[in-house]
Amino acid sequence: MTTLKEFEDALREQGMHMALAILQKLRERDRTKRSVAPARRIAGRKMTPELARRILELHGTTEMTQQEIAFELGVNQGRVNEVIKRGKWLEENPAAPEAVARDKAKARMNRQSSPQRPERRLIKTALPSDKKRSAPKPGNQAQLLLGDL
């Protein structure tokens with residue numbers, strides 16, 4: 001089976017410039033037909049009720065897939081699924097589980113990105129396992145010694 005690149009090279013070798021021009025036009029047409037170019041996700045973008053309503057609006061009024069909606073709005077496809085399937089993020093409730101999780105994640109991100117992060121110190125404490133262990137109790141297991149062989 002011939003690859004497209006090999007086909008192009010063969011057309012060039014034969015001097016078939018019209019065929020190469022047609023191939024180029026087909027490529028340009030296909031580029032314009034691509035559904036959605038991937039959007040750059042803005043790090044730490046806050047999921048809001050307005051954004052959730054926009055997701056539901058796009059889902060209800062267009063034939064876009066969840067992935068296409070996510071690309072369009074610059075969010076994760078999983079978030080789009082949560083909004084559509086479970087109705088999350090539709091109300092401005094700071095005590096909602098998703099809002100609490102978001103705030104914890106943002107706090108972690110802020111702690112990790114801050115340049116003045118305190119150094120962690122390990123403090124060794126005496127644990128019961130650190131105490132002197134008693135000798136194992138003799139059992140009924142037989143042992144072989146080198147002299148036994």
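The values are calculated or read from the model by the stated rules, or taken from the named source; none is laboratory data. These numbers were taken from a predicted model, which means no experiment stands behind them. Because the Cβ atoms are built from the backbone with ideal geometry, glycine has one as well, and the counts that use them run over all protein chains shown.
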Next item on the list: Would you check which residues across region 51-66 are assigned to a helix (DSSP H, G or I) and free of Cβ contacts under 8 Å to residues at least 12 places away in the same chain and list them?
Entry: 57, 60, 61
Check: Within region 71-90, can one find any residue that is outside any loop (DSSP other than H, G, I, E, B), within 30 Å of residue 4 (Cα to Cα) and modelled with pLDDT of 80 or more?
Finding: yes
Next item on the list: Enumerate the pairs (first residue in region 99-115 and modelled with pLDDT of 80 or more and in a helix (DSSP H, G or I); second residue anywhere and surrounded by fewer than 10 Cβ atoms within 10 Å (Cβ to Cβ) and not aromatic (Phe, Trp, Tyr)) with beta-carbon separation below 8 Å, excluding pairs fewer than 6 apart on the same chain, so at least 6 apart or on different chains.
Entry: 100/94; 103/94; 111/117
Check: What pairs come up if the first residue lies in region 67-89 and is at positive phi and assigned by TED's automatic domain parsing to the domain that holds residue 54, the second is assigned to a loop (DSSP other than H, G, I, E, B) and among the small types (Gly, Ala, Ser), and their beta carbons are under 6 Å apart, counting only those six or more places apart or on different chains?
Finding: 74/39
